[in-house]
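Take a look at the structure set out below.
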Amino acid sequence: MASSSSLLFIISISIFFSLISPSHSALSCASQKLPSNRKYTNCTDLPALSATLHFTYNTTTHSVSVAFTAAPPTPDGWVSWGINPSGGRMVGTQALIAYKLNGNVGVHTYNLTSYGAIDAVKSLSVETSELAAEESNGVITIFAVVKLPEKADNISQVWQVGPVVSGKPAKHDFKPDNLNAYVALSVVGSTEVGGGNSTTPGSGNSTASPPVGQKSGGVSLLMGGRFYFGFVLLLLSFITM
């Protein structure tokens, strides 16, 4: 009886602390909240690295406003999102990399020409504007407006996370999740704005073109009733001991 009570106590403690700790793996379009002044018409749960992409496509300017969110592998690590106009993976990607420098999160531009050293550039081959970043609950969000190449019909989006060494982004891991962090960037069929017409997002959440609701604040933690469930188990373990 005593051994069973001890086991229940240990399980309850584990559940309790797992529920009150931030869970990066729970990051999704449904769980994420952006600042109230950041509104987008679409959101996609990206297929690797537990990342999300909120975006709005403007048909008039042929540009996409994005909010990319991911958790760096360490608290002082980096996250990145970019597009590859040639449709490839890392090499050729025009990347935006965000990381902390002197306590502040900033966005830096990188033209990834090789798998070697990562060097910043003053400008990319694609036009970017309104660059900003913020950190909340251990995840970083990159905000940007990117003008897409008008004649490119095979654009891929590439994202990544990695460490910062001596104040500069260092090489990322080569785990399957890192190697699979790319997919075609398709705005066809998504909710669009511009050209005098705009559409209203529907309900639900999908990786094709799910809506983004009116959201405010940072990234929320999904606790709710599960917190109380763990707490009840903890109390029961004391009672049965």
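The values are calculated or read from the model by the stated rules, or taken from the named source; none is laboratory data. Fair warning: this is a prediction, and the values are worked out from it, not measured in the lab. Here the Cβ is made from the backbone with ideal geometry for all residues, glycine too, and neighbour counts use every protein chain on show. Only protein heavy atoms, including side chains, enter the accessible area calculation; ligands, DNA and RNA are left aside. Shrake-Rupley method; radii C 1.70, N 1.55, O 1.52, S 1.80 Å.
Values as computed for the structure displayed
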read-out: Within the stretch 44-184: Cβ-based charge dipole about Cα centre, in debye rounded to nearest 20 (Lys, Arg +1; Asp, Glu -1); value: 280
read-out: Sequence-separation-based contact order of the stretch 44-184, relative, with Cα cut under 8 Å and 6+ spacing, percent; value: 29
read-out: 5 angstrom amide H check on Glu127, placed H, neighbours 5+ away; value: Lys147
read-out: Stretchable slack from Val91 to Ser36, in nm (0.36 nm times residue separation minus alpha-carbon distance); value: 16.3 nm
read-out: The stretch 90-125: chymotrypsin sites (Phe, Trp or Tyr not before Pro) in DSSP coil with no more than 12 other Cβ atoms inside 10 Å; value: Tyr115
read-out: Sulfur and carbon atoms: percent of accessible area, the stretch 44-184 [1.4 Å]; value: 51
read-out: Probe 1.4 Å, accessible area per residue of the stretch 44-184, Å²; value: 46
read-out: Estimated inter-spin distance, Glu150 and Thr60, nm [label 7 Å along Cα→Cβ]; value: 1.6
read-out: Loop-located GluC sites (Glu not before Pro) in the stretch 87-189 whose Cβ has at most 16 other Cβ within 10 Å (DSSP); value: Glu127, Glu150
